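Worksheet: one structure, shown below.
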């Protein structure tokens, strides 16, 4: 699986996924795809929004504007489409986004949003519905305000995507098979305790970076500048980190 990266200067790159299964070498090439236009991006989430061709991106900007690209590749971007104009709600209250398969639709095109008040929303089928049809998965709760990072992946073999959460205190959990039901977050798998080394992560990203067949690997960017890969994460948690930069 490819990896889309935005840099501090506003440029962006795509790292091409390797065809091998060696977790030490998950990428084979870097393609610079943008000069400086990504400096105002607050969250960027990739998904299969169109059902064919390369994956696309949903972006929430610091202004509160929300846009998406149906396809992104080393050759560039499809036409950018606006989902929300600049607005206070997304500017001040949208905290984190993750894309996964959280409904009956076969595509990985459902957008999960964590808000500043600890509530969590689901916007199903972005490619079809855009940001219509919001479903509240969790009302405003104190526990939701402790969420630091999220990513959608496939770790437990459920029909729907799992949600990986890194908490502010360094704990980390997997919630299997999230659905828009009475109990969307259930059977929590806590695989890191509070004050673990994960307190030092700057981002966690699930994807198919090793086996290349399902998004069950987790890339972790550390606050010391290092980058680690945890291949084949499952219901038992992680099984060793591969250091990618040393």
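Where a number appears in this text, it was derived from the coordinates with a stated rule and is not lab data. What you see is a predicted model, and the numbers here were worked out from it, not measured in a lab. Ideal geometry is used to build each Cβ from the backbone, glycine not excepted, and the neighbour counts take in all protein chains shown.
So if each residue of separation counts as 0.36 nm, and I subtract the Cα-Cα distance between residue 129 and residue 32, what length gain in nm does that give? Each step should come with its number before you reach the end.
Details: separation 97, 0.36 × 97 = 34.92 nm, distance 3.08 nm.
Extending this stretch completely gives an extra 31.8 nm.
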Task: Average projected area [Cα convex hull, segment 46-140], square nanometres - done: 5.9
Task: Most mobile of 98, 148, 190 in a GNM of the chain (Cα contacts under 10 Å) - done: 190
Task: Chain lengthening between residue 193 and residue 62 when straightened (0.36 nm per residue, less Cα-Cα) - done: 44.0 nm
TODO: Starting with the fewest neighbours, write out 99, 44 ranked by other beta-carbon atoms found within 10 Å of each beta-carbon.
DONE: 44, 99
Task: P(r) of the chain over all Cα-Cα pairs, binned every 5 Å from zero, in whole percent - done: 1, 6, 13, 19, 21, 19, 13, 6, 1, 0
Task: Alpha-carbon centroid distance for the pair segment 8-36 / segment 62-82, whole angstrom - done: 18
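Report relative contact order for segment 90-227 in percent, whole number only (criteria: Cα-Cα under 8 Å, sequence separation at least 6). Walk me through the numbers before you get to the answer.
Working: 326 pairs, mean separation 21.9, N = 138.
RCO, segment 90-227: 16 percent.
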Open item on the list: Can you compute the radius of gyration and Dmax for segment 107-246, using only the Cα atoms, both in Å?
Closed with: 15.0, 45
Task: For segment 178-222 and segment 113-165, distance of Cα centres in Å - done: 13
Open item on the list: Can you give me the distance in nm between label points at residue 213 and residue 24, each placed 7 Å from the Cα along the Cα-to-Cβ direction?
Closed with: 2.3
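Which of 90, 167 comes first, and how do the rest follow, when ranked by fewest Cβ neighbours within 10 Å? If you can, show how the numbers build up before the last one.
Details: 90 24, 167 19.
Going from sparsest to densest Cβ surroundings: 167, 90.
When the helices in the chain are scored as -39500 (n - 2.57) per DSSP H run of 4 or longer and the sum is shared across all residues, what 222 nm value do you end up with, to the nearest 500 deg cm²/dmol? Intermediate results must be reported in sequence, preceding the final value.
Numbers: 1 runs with 4 residues, N = 246.
For the chain, the value works out to 0 deg cm²/dmol.
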